Number of protein chains: 4
Amino acid sequence: MNTFGTYFRVTTFGESHGAAIGCVVDGMPAGMVLDTEAIARALDRRRTGRPGTSQRRETDEFEILSGIYQGRTLGTPVAVIVRNTDARPEDYAPAAEAFRPNHADYTWHARYGFTDPRGGGRASARETVGRVIAGAMAAQVLHQRGITINAQVDEIGGIPAADTDTIEKAIAAARSEGDTVGGIAALSIKGMPAGIGSPVADKLSAALAAAMMSIPAVKGVEIGDGFDSASARGSLQIDEFYIADDGRVRTRTNHSGGIQGGISNGEEITLRVAFKPIATLPRRTLPTVDRRGRPTTICMGGRHDSCVLPRALAVVEAMAAITILDALLAPHPEPLISYL
Amino acid sequence: MNTFGTYFRVTTFGESHGAAIGCVVDGMPAGMVLDTEAIARALDRRRTGRPGTSQRRETDEFEILSGIYQGRTLGTPVAVIVRNTDARPEDYAPAAEAFRPNHADYTWHARYGFTDPRGGGRASARETVGRVIAGAMAAQVLHQRGITINAQVDEIGGIPAADTDTIEKAIAAARSEGDTVGGIAALSIKGMPAGIGSPVADKLSAALAAAMMSIPAVKGVEIGDGFDSASARGSLQIDEFYIADDGRVRTRTNHSGGIQGGISNGEEITLRVAFKPIATLPRRTLPTVDRRGRPTTICMGGRHDSCVLPRALAVVEAMAAITILDALLAPHPEPLISYL
Amino acid sequence: MNTFGTYFRVTTFGESHGAAIGCVVDGMPAGMVLDTEAIARALDRRRTGRPGTSQRRETDEFEILSGIYQGRTLGTPVAVIVRNTDARPEDYAPAAEAFRPNHADYTWHARYGFTDPRGGGRASARETVGRVIAGAMAAQVLHQRGITINAQVDEIGGIPAADTDTIEKAIAAARSEGDTVGGIAALSIKGMPAGIGSPVADKLSAALAAAMMSIPAVKGVEIGDGFDSASARGSLQIDEFYIADDGRVRTRTNHSGGIQGGISNGEEITLRVAFKPIATLPRRTLPTVDRRGRPTTICMGGRHDSCVLPRALAVVEAMAAITILDALLAPHPEPLISYL
Amino acid sequence: MNTFGTYFRVTTFGESHGAAIGCVVDGMPAGMVLDTEAIARALDRRRTGRPGTSQRRETDEFEILSGIYQGRTLGTPVAVIVRNTDARPEDYAPAAEAFRPNHADYTWHARYGFTDPRGGGRASARETVGRVIAGAMAAQVLHQRGITINAQVDEIGGIPAADTDTIEKAIAAARSEGDTVGGIAALSIKGMPAGIGSPVADKLSAALAAAMMSIPAVKGVEIGDGFDSASARGSLQIDEFYIADDGRVRTRTNHSGGIQGGISNGEEITLRVAFKPIATLPRRTLPTVDRRGRPTTICMGGRHDSCVLPRALAVVEAMAAITILDALLAPHPEPLISYL
């Protein structure tokens, strides 16, 4: 349905061109000064793809409706809304509308029978605004526990992020040809304690994979060496344990990506997340089917991004923060004895 | 914790060398003749890696304790157990035992403080016996609805499955060198109706990714074109819609892997699942740390597999069946009107 | 936390004097014309205790933010908010404030450490506005399936509802003495099909009891003959089965209150719900403790109701509707064979 | 379905005359010495209605299959089974069988279509064996935290428990007339910390009410003054706060029954639970309907109890323990600041 998490619960709502979108965040600790600037920065980053230090927030103005008193969290649900200022008039003719290839038009139609055709309705990536708000709250709690989350571009169109010039050229070339490119985000979670995650049904790796796969346009997730490990020899994947100077058990390498047996081992958690190219190809006329089941063609116009990255990084970080906080709040087996 | 699913719930229990392992399956429809031979075949396949047509089941004898009357399901929980016949005596000295690199020994220790050291305890892949039993039940329900699930080897050690000879040589070479190899499983789900999956928080793609990532040794999951799509142009990823002869909306290609916007589109669902090499490297002495936090060395002996595939295929299929049935049983928005 | 239901999920949010209160309703069927007048009538009834046929809604104006397009449900979350127009300035001194006896001040303090002191914050019965909105939506779905829910006053201050004059006098007498009275609501659910409810852990009786007990001021719930059955002979409690003219299996009496073994039997479901007297006793000075743990006294002033009934009836109906719809949407064991 | 709890999860399985009944307990802390004698005593009490100091356990022998190593909990699921030694041969003719009035025969038939007719199948009170085992485990954890749970007979057939002689006569009279009586259990939970329970959707009072109402034959639940409070004046219900010698905030009286606003206040939690008379009336021939929908008569023979109390006390205690531990393990808002 529309709720992420069991112990830290984020419910998002809203259609792209409805009255508002937003979220209800249930499970924030009480008495914490809420950093609303951090929420604004995360929304900025989602909107522009840049680290969002700017103060301009002429769009995506959010309003906190509940759960805060005198600037502090109450431990009660924090409801936040963002008005859709550019909500268009209802001048659509959905009955006649065609299914856009590689969008969710057809599958939503198959599931719901009745959909909001304005800008993709709830299937629009605009839904992730609610996740980014909630993620910024979760990240603040994590930060207090020394956990930091960062996502960055790893590849775009198959070109490594370090090769900035080539990437810009590739994107420009795709755009000039009316085409789009995909990319890969690299996610890093630092400061994790060891022992977080449930080892069978709620593995931390499984929870993170589900969180990433729930982001629009994501088609693949890997942890640590991921798919590369499938073609590697076991002897080249060994993460030897040793005792660090601070007395902690550490590994010398991190092929495992910070998770072993579904539980964090205290090393950096590393994921790679594959985004497909944006499905909207400007100025192309494609054969398709309409909602009455008749063959037709469609030309998806408008100005669109050529690559979902780097704007999607804010969503990757938000989903990671929500997931990690949920895992931290899960009941811990509270060992009564320990051999260490 | 230890329960998979919300609407079709599978709880597994048991340690590798405890009295028994098993599962409780809650949510089976009532009145269905349960095919116990299908359960036996799935367990055989998990045990031997072969399709399991043989009748021999001298090990992994399962006993159904509840939920069945006169061979039919009652709609009540089906509890099934498998006795651990080779349960070893408790001749371990856990306090002194060293953490095996790349196993879950350390993370379990960090989480629980007290663990069963015999053969990995609950972290052993033997836990998946319960999943395979439950998956075989789920698959039977799916079969009645025309849905079939199949997993096969896609690659081993980087070599495509079609190249059987080379794979056998690669495994033999690794084994002779005291090494192991990883591999990739290809999962196919056919016969899915369109409209299954929840589009935001419980995307079918997210649920399948979590299910696969919950399998021991899995480090990556991709759907449809997956990571390849991240380096491809959008124009090469288009799945055009058309009206098939039977009147259904179909796509001409299947780059999406049968899921669009988190919801099934009625095409074949295709996943690739990456397994790391088995972590136990026979006859190698490795530096590590023991449970008292002292440096030590470890030599993991015993006869072990050199590659988790093809035995893991039965687990991939089981987790897919459990996940798909859970999605099918989720409340459907029941469209009251439809334009199609 | 703050979500009711598993299959039909209602999350409420908001503090009594915060910016707004409201709810997110997840699980409405798609394509249904939403009757917003019915929501307004339910809110009116909650506000005035009367059936609410009037059109005046100068307060409790609700705004639907999502989940509706062209007046129809989308099957996506319906977020609804009500602004708190009389939100008072933050002129409280919570550190010095005393715990009001029989209110939730102390227990909230013990749980959260930091609370909104304005009008009880989230512990205020104003929180139920969100439930009433959600309940009115659920009731509309139920109505389409022929299920109707009605709550009425059964007793006030120990006086049967039929004795209207005496009740009015008793309330007036209590008020003039600066006192309050409790009461009992009688809930009736008609039109239920047989076979709804899960027989062990999610009994329909248990779900209804939890729903009622979650209403502020409720201290007791009984189903059918309830506590009276505990002192009765079994022979006087028999609900004989017979075949009705329409071919349905019916019972001649309804001591069971429409639920047997936790599952509906198709008869009217009857509950009685006990409300304690309102805890705010005007103009009385009582000894208590403040938030610093010092003895003090408190005098709860202001104009307050003398009895929570009949205004609470709207909340009883709302919680019943939410609970019944949740049970209806739960996966059904789908009998494949039947002897009937 | 068949799982109680969210944070401490108990799944029961089994039919009255199937191979076995039992439970899977997920969420026990790790490293705890499990007191199996306490489980045996609880089962004895359920079986005989007496405190169970005896060592005889010739029936209800339980076997622990998992989750324990060297006598200590592993934090993994504890599966426990009890074989049904008196499982009868399948010599029933369910198609012809009649619905027993006031039992769950008809409602199960309506829900499942196919049921186990032997002794009520899963609807039998024998299902509670699994709950009692799990409850004994939960009680052990609670005991370590200073929380004790006790249920006793409050009334039988309308006669107060103190009047032992009259109760025995009333039961004997009912039995001699082929009749049965109901009763009320009084539940006491001592040692609770303040601040446990979620104030809106998962009120501790609501969770306890649901737990009690899920016990077979329960038709009513009240907390503190319960239904009596509905006819009382508010001024007579005040629980004044004061500072106890140990510095804790206490109340001088306990009309609230230890729960205010859904959260524990640190006082004794008191509930009363109403059980209807046993539905099986020996040697009476009653009109009813059979599974083919034809009028018939039924005579329920066999030796049965005349009153479900005091045997049900063990189940009341078990459900209370499971519920309280679940509430204790729920994420706590962790106040960062406090005025106290």
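Highest GNM mean-square fluctuation, chain A, Cα pairs closer than 10 Å: which of A:VAL82, A:VAL249, A:VAL273? Its mean-square fluctuation being the largest, the pick is A:VAL249. Cα centroids of the range A:163-229 and the range C:106-171: 47 Å apart. For B:ARG292, the distances from its label point to the matching points in the remaining copies are 5.3, 7.7, 8.2 nm, ordered from shortest, with each point set 7 Å beyond Cα toward Cβ.
Label-point distances for C:THR253 to the equivalent site in the other copies, using a point 7 angstrom along Cα→C-beta, read 3.7, 7.3, 7.9 nm when ranked shortest first. Given H placed 1.01 Å from N in the peptide plane, which residues other than close sequence neighbours of A:THR288 have an amide H under 5 Å from its amide H? Counting only residues 5 or more places away or on other chains, the set is A:THR296, A:THR297, A:ILE298.
Among the listed pairs C:LYS203/D:LYS276; A:LYS203/B:LYS190; D:LYS190/D:LYS276; A:LYS276/B:LYS276; D:LYS203/D:LYS276, a Cα-Cα separation exceeding 18 Å is found for A:LYS203/B:LYS190; D:LYS190/D:LYS276; A:LYS276/B:LYS276; D:LYS203/D:LYS276. The range C:259-304 and the range B:17-33 have Cα centres lying 44 Å from one another.
Charge tally for D:ARG45 (other residues, Cβ to Cβ under 10 Å; Lys, Arg +1; Asp, Glu -1): +3.
Working from label points 7 Å from Cα in the Cα-to-Cβ sense, the D:THR85 to B:GLU268 distance is 5.6 nm.
Between D:GLN144 and A:THR148, the simple spin-label model (points 7 angstrom out along Cα→Cβ) gives 3.7 nm.
Over the range A:3-329, what is the relative contact order in whole percent, taking alpha-carbon pairs under 8 Å and six or more residues apart? Can you show the working numbers first?
On the way: 665 pairs, mean separation 76.3, N = 327.
For the range A:3-329, the relative contact order is 23 percent.
For peptide B:253-266, compute the average count of partner chain beta-carbon atoms within 10 Å of each residue's beta-carbon. Intermediate results must be reported in sequence, preceding the final value.
On the way: counts 1, 0, 4, 6, 1, 1, 4, 12, 13, 10, 9, 3, 5, 3.
What the average comes to for B:253-266 is 5.
By how many degrees, between 0 and 90 and to the nearest 10, does the Cα long axis of helix D:204-213 differ from the longest principal axis of chain D? Taking the Cα atoms of chain D, the angle to D:204-213 is about 10 degrees. Report, in degrees rounded to the nearest 10, the 0 to 90 angle that the Cα long axis of helix B:36-48 makes with the longest principal axis of chain B. Here the helix axis deviates by roughly 50 degrees. To the nearest ten degrees, helix A:164-176 and the longest principal axis of the Cα atoms of chain A are 20 degrees apart.
Farthest toward the positive end of the dipole of the range C:3-329, out of C:ILE278, C:PRO193, C:PHE114, is the Cα of C:PHE114, where the dipole comes from beta carbon charges about the Cα centre. P(r) tail, chain D: Cα-Cα pairs separated by more than 24 Å, 60% of all pairs. FRET efficiency for the pair A:TYR242 and B:HIS332, taken as 1/(1 + (r/R0)^6) with r the Cβ-Cβ distance and R0 = 41 Å, rounds to 0.20.
Across peptide B:322-334, the average count of Cβ atoms from other chains found within 10 Å of a residue's Cβ is 4. For the peptide B:193-199, the mean number of other protein chain Cβ atoms found within 10 angstrom of a residue's Cβ is 6. Residue by residue, the range B:112-123 carries 3J(HN,Hα) couplings of 9, x, 9, 9, 8, x, 6, x, x, x, 6, 6 Hz when phi is fed to the Karplus relation 6.51 cos²θ - 1.76 cosθ + 1.60 (θ = phi - 60°); x denotes Gly or Pro.
Coordinate-derived values only; no laboratory data. In this text the structure is predicted, and so the values were computed from the model without any measurement. Quick reminder, even Gly has a Cβ in these numbers, built from the backbone with ideal geometry, and neighbours come from all protein chains shown.
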